[in-house]
Amino acid sequence: MLKKLFNRKRSDTPVIDRNIIPQHVAIIMDGNGRWAKRRGMPRSMGHRAGAEVLKEIVMAADEIGIRALTVYGFSTENWKRPEQEVSLLMSLIKEYLNNNVKYMHEHNVRIRFIGFIGGLSEDLQKIIQDAELLTQNNTGLTLQLAINYGGRDEIIRTIRDIVKSVADGVITMDKITEEYVSSQLFTKEFSDVDLLIRPSSDFRISNFLLWQLAYAEFWFTDLHWPDFTKETLLEAVAAYQKRERRFGGLCDEE
């Protein structure tokens, strides 16, 4: 039923080079509430529509060869929203996982969760644990769901862990390198982001993956997340492929 409400415009499929695929893509799934408001619907309908879109995008990302997709599901700041909306978002996360984990597993997708999972309800923690356990040996795309996640919170927790490791004699100060810090973050094996996508006309990163976005390419669109399609993802990847990533160096013309 929700799909009839999307009214999404599909343009010609962009042509991409399969040899230059961003390995780690991050998405801030924004605009659910605004999408619903424009249609005279409650915000809850927007969040539900956004959850439906995620499944399509995960499959599309896996199809084109993206190795890791990290999506912002619920931030540490989202607790400030009205209690009713927070409760709805938590229910939607549970519903999404209950309805889609088996499907993801059958399609060889590995599911990981990043954020302070200990701050969530016990039943949601159990669902998260079961999803990670079921899919841990899958070799396709890794879907990293950021739930109760904040970039600053992640860095603070990592600093505390490193300080404790030094105090306990596990490591010495000279062992603290960029590589070591990356290995201690929630994202671990997929630390550096190649491409950040943000829908809904906002131009900020909203405390998302602050360390990991150091050299990421950013791509923005006016589309709200529920209107996001496989073609939109391909458009973002095509734009990424036209960029010259210098990582602080010079391009050939300079």
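What the table shows:
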item	result
Single condition residue 25 does not satisfy, out of (1) in contact with an Asp or Glu (Cβ under 9 Å, 6 or more places away or on another chain); (2) modelled with pLDDT under 95; (3) under 27 Å from residue 193 (Cα atoms)	(2)
Criterion: open to solvent by less than 30 Å² (accessible area, probe 1.4 Å), modelled with pLDDT under 95 and within 22 Å of residue 110 (Cα to Cα) - qualifying residue of 182, 191, 200	191
Test: residue in the stretch 142-154 that is small (Gly, Ala, Ser) and on the phi > 0 side of the Ramachandran plot	no
Single condition residue 18 does not satisfy, out of (1) open to solvent by 80 Å² or more (accessible area, probe 1.4 Å); (2) closer than 18 Å to residue 219 by Cα	(2)
Only one of 242, 230, 164 that is under 24 Å from residue 113 (Cβ atoms) and surrounded by fewer than 20 Cβ atoms within 10 Å (Cβ to Cβ)	164
Residue pairs meeting the criteria (Cβ under 8 Å; at least 6 apart or on separate chains; first within 12 Å of residue 199 (Cβ to Cβ) and assigned to a helix (DSSP H, G or I), in the stretch 32-43; second open to solvent by less than 80 Å² (accessible area, probe 1.4 Å) and among the hydrophobic types (A, V, I, L, M, F, W, C))	32/49; 32/225; 35/49; 35/225
Residue within the stretch 77-90 that is touching a strand residue (DSSP E or B) at 6+ places or on another chain (Cβ under 8 Å) and buried (at least 16 other Cβ atoms within 10 Å of the Cβ) present	yes
Residues located in the stretch 203-213, provided they are open to solvent by 20 Å² or more (accessible area, probe 1.4 Å), within 20 Å of residue 236 (Cβ to Cβ) and either among the β-branched types (Val, Ile, Thr) or at pLDDT 95 or above (or both)	205, 206
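The values are calculated or read from the model by the stated rules, or taken from the named source; none is laboratory data. Just so it is clear, the structure is predicted and the values come from calculations on it, not from any experiment. Quick reminder, even Gly has a Cβ in these numbers, built from the backbone with ideal geometry, and neighbours come from all protein chains shown. Accessible surface areas use protein heavy atoms only, side chains included; no ligands, DNA or RNA. Shrake-Rupley method; radii C 1.70, N 1.55, O 1.52, S 1.80 Å.
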